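Comments concern the structure below.
Bear in mind that the values in this text are calculations on the coordinates, not laboratory data. Note that the coordinates shown come from a computational prediction; the quantities given were computed from them, not determined experimentally. In this analysis, Cβ positions are derived from the backbone assuming ideal geometry, glycine residues included, and neighbour counts consider all displayed protein chains.
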Amino acid sequence: MARRPQKGYSTEDFQSLEGRASKTEQKKAVQRMAALGEQLAELSNKQIEQLPVEERLIEALLDVKLISSFEARRRQFQRIGKLLRSEDETVILSYLTPQQGLKKTAQLNRWVDRMIEQGDPALHEFTKAFNATDRHTLRQHILRYHRDQSLQATPEELEEARQRILNYVQQVALLSDQGKAK
C-alpha cells in the first residue's frame with residue numbers, strides 16, 4: 001500500500017491551537033472544579049445561599065449536603081464542577097480564600113510574582129510545597145504571561161494573565177490544604 005504524502009503544517013495551523021487547553025488539562029480542570037465544589041459545600045447553608053452564582057449551582061450545593069451515598073455524592077460533585085465552569089473563578093475563590101486568611105493570600109501573591117520573575121526554579125519549589133500542582137498547567141500559564149509580555153500587551157491584558165495564574169495558584173493551595181486535612 002502506498003503511503004500518502006504527509007501534509008506540511010503551517011504556522012497558522014499551530015496558531016489556531018494556541019491557548020487551547022489539552023484534553024488532560026481540561027480533565028484536571030474539571031477535577032479541580034469538583035474539589036472546589038467540595039469546599040463550597042462545606043460552607044454553611046446561609047453562606048451558600050449568599051453566593052453570587054446561578055441558582056442551579058446553589059441548589060446543587062445544598063442538595064449535596066443531603067446525599068449520603070458515596071457514589072451519588074461523587075456524581076453530584078462532578079455536576080457541581082461542571083456548573084462551576086460557567087462561573088467567574090475570581091468570585092468563587094474570593095469566598096473560599098477567607099478560609100486561607102490574608103497571610104496565605106499575600107504568600108500566594110508573592111509566589112506568583114516569584115514564578116513570573118524566576119521561571120522554572122520557582123515553579124519547581126512551588127510544586128514541592130503544594131502537592132496538588134499540575135506542573136505543566138502552571139508552566140503554561142506562566143509562559144502565556146511571558147508571551148503576552150513579549151507581544152507588548154496592554155497592562156490590563158497582563159493583569160488578566162496574572163490573575164489567571166493567581167486563580168490557579170489559589171485553587172492548588174486550597175486543594176493542597178484539603179489534602180493535608182484528610
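Observations
- Spin-label pair S86-R114: with each label point 7 Å from Cα along the Cα-Cβ axis, the two points sit 3.9 nm from one another.
- Each of the peptides 165-176, 50-61 was scored by the mean count of other Cβ atoms within 10 Å over its residues; in descending order, highest first, they stand as 165-176, 50-61.
- A Förster radius of 35 Å combined with the Cβ-Cβ distance from L151 to K103 puts the calculated FRET efficiency at roughly 0.50.
- Our Cα-only numbers for the stretch 57-182 put the radius of gyration and Dmax at 16.5, 52 Å.
- Relative contact order of the stretch 24-182, defined on C-alpha pairs under 8 angstrom at six or more residues apart (%): 25
- Packing-based ranking of 33-40, 86-93 yields 33-40, 86-93, ordered from highest to lowest mean Cβ neighbour count within 10 Å.
- Among the listed pairs K82/K128; K28/K65; K28/K128; K27/K128; K65/K103; K23/K82, those whose Cα-Cα separation exceeds 26 Å are K82/K128; K65/K103.
- Whole-Hz Karplus values for the stretch 44-60 come out as 5, 4, 5, 5, 5, 5, 8, 4, x, 10, 4, 4, 4, 5, 4, 4, 5 Hz, taken residue by residue from phi with 6.51 cos²θ - 1.76 cosθ + 1.60 and θ = phi - 60°; glycine and proline positions read x.
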